[in-house]
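Everything on this sheet refers to the single structure shown next.
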Amino acid sequence: MAPSSAGTVVAGLTAAALAAVGFLAYQADAAQERRSGGPDRKPAASSSPSPGAAEAKEREERARTALPPGSGTGERVVYSVGSDRVWLVGANETVTRTYEVVPGAVDPQPGEYTVTSRTERVTGSDGVPVAHVVLFTQVDGVVVGFSAAVDGSLPEGPPKKGTGGIRSGSADGEAMWRFATAGTKVVVVP
C-alpha cells in the first residue's frame, strides 16, 4: 500500500470513529432528556426512590393517617381536633377514607356525637356558599359540622370568630355526605 493511501485510510477511520462517538453522544443526550422530561428541565435526582426510602415514606404516611386510639368502634366518623384530620370508618373497622380538614374557630370537645342534620347547600357562617353540610353538635351557640365550599376553596389564615365549619375539599365533602347520614356516630378525639 502506498504511503498516501495509508494516510487516507487512517483519516477515513478517524472520521468514522468521530462520527460514531458523536452519534453515541447524541443518543445519550436524547435518553437523558427523555428521563428528565425535556431539554429545558433539570434531570430528576433519581428516577425512583431507593426501596428503603420508599418503605420509610410509606411507614411515615401510615403513622400519620392511622386511626387514632380511643376513637370508638363500629361505623363512624372520627375527627381529630389536634391533627385536623377526618376518618370515615366503615364495617369491620375499615377506614374507607381519611383526609385533612381546616377547622373553624370553635372546636367541639372530645366525645361521641351523632349527625343531627344535613343540608345540601347553604351559606356558611363565614359567608361562603357551602355544600354537603353535616352537623353534629353546638358549642356556645355555634353549630359545628363538616362542609365543603361550593367553589372547592379552603379557608386561609385564622378562622373567623364564631365559625364552626370544619372544611374539606369538594371530593372529601362529597364522600362525607354519602357516608354520614342522620344518626351516624361522630367521635371527636384530641
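The values are calculated or read from the model by the stated rules, or taken from the named source; none is laboratory data. Given the structure is predicted, the values throughout are model-derived calculations rather than measurements. Because the Cβ atoms are built from the backbone with ideal geometry, glycine has one as well, and the counts that use them run over all protein chains shown. Surface accessibility is based on the protein's heavy atoms, side chains included, excluding ligands, DNA and RNA. Shrake-Rupley method; radii C 1.70, N 1.55, O 1.52, S 1.80 Å.
Here is how the numbers come out for the structure above:
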quantity	calculated
Accessible area of the range 81-182 divided out per residue, in Å², using a probe of 1.4 angstrom	51
Surrounding net charge for F179, when Lys and Arg each add one and Asp and Glu each subtract one, Cβ distance under 14 Å	+2
Surface/4 estimate of mean projected area, convex hull on alpha-carbon atoms of the range 93-190, nm²	6.1
Proximal charge balance of G162 [Cβ under 14 Å; K/R count +1, D/E count -1]	-1
Residues listed by number, the range 108-144, amide nitrogen under 16 Å from A182 label point at 7 Å toward C-beta	114-121, 133-137
Linear extension gain, S83 paired with V95, 0.36 nm per residue minus alpha-carbon span	2.7 nm
Where a label projected 7 Å from the Cα of T65 along Cα→Cβ would reach, residues of the range 87-111 with amide N under 12 Å	87-88, 95-100
Kirkwood Rh, angstrom, the range 73-142 [1 / mean 1/r, Cα pairs]	13.6
Residues with amide H under 5 Å from that of V139, placed H, sequence gap 5 or more	V144
